[in-house]
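The values are calculated or read from the model by the stated rules, or taken from the named source; none is laboratory data. None of these values were measured; they are calculated from a predicted model. With ideal geometry, Cβ positions are generated from the backbone for all residues, glycine too; neighbour counts draw on all protein chains shown. Each accessible area value is taken on the protein alone, full model and side chains, heavy atoms only, with ligands, DNA and RNA left out. Shrake-Rupley method; radii C 1.70, N 1.55, O 1.52, S 1.80 Å.
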Amino acid sequence: MAIDLNFTAGQRAFRGEVRAWMEANVPRTAPKTLEGAEGFAQHREWERALARGNWGVITWPREYGGRGADLIEWLIFEEEYYRANAPLRVNQNGIFLLGPTLMEFGNSEQKARYLPKMASGEEVWAQGWSEPQAGSDLAALRATATRDGDHYVLRGHKIWSSRATFADWCFGIFRTDPSSTRHAGLTFILVPLRQPGVRVRGIRQIHGEPGFAEIFFDDARVPVVNRLGEEGQGWHIAMATAGFERGLMLRSPARFQVTAQKLIELYRRHAHECEPGVGSAVAQAWMDAEAYALNTYMTASRLMAGGTIGVEASLNKIFWSELDVAMHRVGMSILGARAELLPLAPDAGDIGDWLDGFIFSLAGPIYAGTNEIQRNIIAERLLGMPRG
């Protein structure tokens with residue numbers, strides 16, 4: 001399919017509008033990490049600032065706090081967002097994952113209740129997927145939701161819940177049919193985290209901040225109206241959410257294009273110190289980041305023309321997660337032994353955030369569905385290979 005890579009006059013004007021707003025509003029001092037209490041509050045305030053400028057969720061309908069932008073405009077927005085070095089989004093679980101899921105499966109009351117507060121940053125969402133006994137096998141979950149009149153009573157334990165330490169709500173699936181196994185009998189439920197029967201315990205990471213959390217449900221009562229879709233439809237809805245996670249919006253190309261450019265600049269400063277072949281690895285990283293961007297523009301154009309994204313979301317997820325690891329490995333190799341220093345160390349020099357980025361990149365092949373699982377999906381559903 002041929003693609004016109006030239007932007008229209010309207011798209012160029014949109015880019016100028018985004019750039020001007022970012023230059024005027026992005027904090028001059030970067031907020032602290034969003035995985036700590038102070039940094040989380042600073043990032044939440046940035047979400048509110050975006051919403052005041054009507055930049056929080058630009059692809060959403062206007063009635064829910066968006067501006068009805070198309071996917072090409074979203075890609076342009078992301079390019080300018082990362083160009084301006086704007087803060088990371090603290091509410092990405094809500095705006096990129098639950099938001100699209102609500103628009104597809106939620107009723108009118110749920111959309112009106114949750115989407116505007118999600119868009120404004122007033123309510124921040126966490127994921128409630130993984131469980132200690134289930135690991136990457138989401139269908140093996142054991143947390144239950146028992147119907148009691150117009151409420152569900154939740155019991156169980158979720159773990160590795162992104163943002164849950166400081167978030168207001170979580171979304172997850174619970175087993176509502178006690179006799180069911182695997183994918184059957186699961187229901188998608190929205191749960192407030194600050195209520196009786198819900199206990200959140202942060203999980204401290206290597207840098208000491210609780211970016212993840214465990215969530216314990218001890219007879220927590222949640223109204224039935226918090227159910228998304230029908231009872232027993234949870235697996236189907238969760239897979240739609242996972243598709244959003246692995247598809248276009250969780251990791252925009254601009255994120256990797258900016259990293260590739262920083263990698264080039266790092267190499268130029270240290271080329272005389274590098275082993276043979278490092279320059280080729282830098283060039284490969286840049287080419288892969290550009291290829292990912294072009295492929296994303298192609299996919300966006302196809303979706304705008306009425307197409308869909310299916311199994312290729314798994315291909316997409318593998319590519320960007322392994323690209324992120326590869327770029328940061330090259331950056332670490334350029335820096336050599338200094339790569340292990342923290343940015344504030346006396347001899348750190350220009351190491352920047354390469355160590356932090358490298359450590360985070362290692363999680364990419366795990367979250368949003370492990371790459372091993374994604375390869376199984378590709379083999380079975382795209383290539384038609386038999387199950388092993």
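Brief remarks on what is shown
- Answer from 21, 46 - the residue that is crowded, with 20+ Cβ neighbours inside 10 Å and assigned to a helix (DSSP H, G or I): 46
- Exactly one residue out of 157, 151, 183 is open to solvent by 40 Å² or more (accessible area, probe 1.4 Å), out of contact with any strand residue (DSSP E or B) (no Cβ under 8 Å at 6 or more places or on another chain) and not aromatic (Phe, Trp, Tyr): that is 183.
- Residue-level analysis places residue 260 among those that are closer than 21 Å to residue 5 by Cβ and either in a helix (DSSP H, G or I) or in contact with a Cys (Cβ under 8 Å, 6 or more places away or on another chain) (or both).
- Unmet requirement for residue 33, which otherwise passes all of (1) touching an Asp or Glu at 6+ places or on another chain (Cβ under 9 Å); (2) more than 30 Å from residue 236 (Cβ to Cβ); (3) without any contact (Cβ under 8 Å) to a residue 12 or more places away in the chain: (3)
- Some residue of region 334-353 being at pLDDT 85 or above, closer than 17 Å to residue 289 by Cβ and among the hydrophobic types (A, V, I, L, M, F, W, C): yes
- Filter result for residue 327 (out of contact with any Pro (no Cβ under 7 Å at 6 or more places or on another chain) and surrounded by 21 or more Cβ atoms within 10 Å (Cβ to Cβ)): yes
- Which listed residue, of 214, 209, is among the acidic types (Asp, Glu), closer than 20 Å to residue 131 by Cβ and within 22 Å of the chain's Cα centre (by Cα): 214
- Of all residues in region 222-258 being touching a Leu at 6+ places or on another chain (Cβ under 6 Å) and within 16 Å of residue 374 (Cα to Cα), the one that is modelled with the highest pLDDT: 241
- Number of the condition not met by residue 55 [criteria: (1) in a helix (DSSP H, G or I); (2) closer than 26 Å to residue 298 by Cα; (3) not hydroxyl-bearing (Ser, Thr, Tyr)]: (1)
- The residues of region 201-222 that are open to solvent by 40 Å² or more (accessible area, probe 1.4 Å) and in contact with a strand residue (DSSP E or B) (Cβ under 8 Å, 6 or more places away or on another chain), listed by number, are 201, 205, 212, 218, 219, 221.
- Checked against the criterion of being surrounded by 15 or more Cβ atoms within 10 Å (Cβ to Cβ) and either at pLDDT 85 or above or among the polar types (S, T, N, Q) (or both), the candidates 291, 313, 300 yield just one match: 300.
- The listed residues are 337, 345, and the only one of them that is part of a helix (DSSP H, G or I), open to solvent by 10 Å² or more (accessible area, probe 1.4 Å) and free of Cβ contacts under 8 Å to residues at least 12 places away in the same chain turns out to be 337.
- Scanning region 348-376 for residues that are under 23 Å from residue 211 (Cα atoms) and assigned to a helix (DSSP H, G or I) yields 354, 355, 356, 357, 358, 359, 360, 361, 371.
- Filter result for residue 171 (in contact with a strand residue (DSSP E or B) (Cβ under 6 Å, 6 or more places away or on another chain) and either within 17 Å of residue 91 (Cα to Cα) or not polar (S, T, N, Q) (or both)): yes
- Evaluated against (1) among the hydrophobic types (A, V, I, L, M, F, W, C); (2) closer than 30 Å to residue 36 by Cβ; (3) surrounded by fewer than 21 Cβ atoms within 10 Å (Cβ to Cβ), residue 90 falls short on exactly one condition, (3).
- Residues in region 101-135 that are in a helix (DSSP H, G or I) and over 18 Å from the mean Cα position of the chain (by Cα): 104, 105, 108, 109, 110, 111, 112, 113, 114, 116, 117.
- The listed residues are 34, 75, and the only one of them that is more than 26 Å from residue 110 (Cβ to Cβ), aliphatic (A, V, I, L, M), touching a helix residue (DSSP H, G or I) at 6+ places or on another chain (Cβ under 7 Å) and outside any helix (DSSP H, G or I) turns out to be 34.
- Residue within region 223-243 that is part of a strand (DSSP E or B) and surrounded by fewer than 16 Cβ atoms within 10 Å (Cβ to Cβ) present: yes
- If you go through region 141-152 and keep only what is in contact with a Gly (Cβ under 8 Å, 6 or more places away or on another chain) and over 14 Å from residue 234 (Cα atoms), you end up with nothing.
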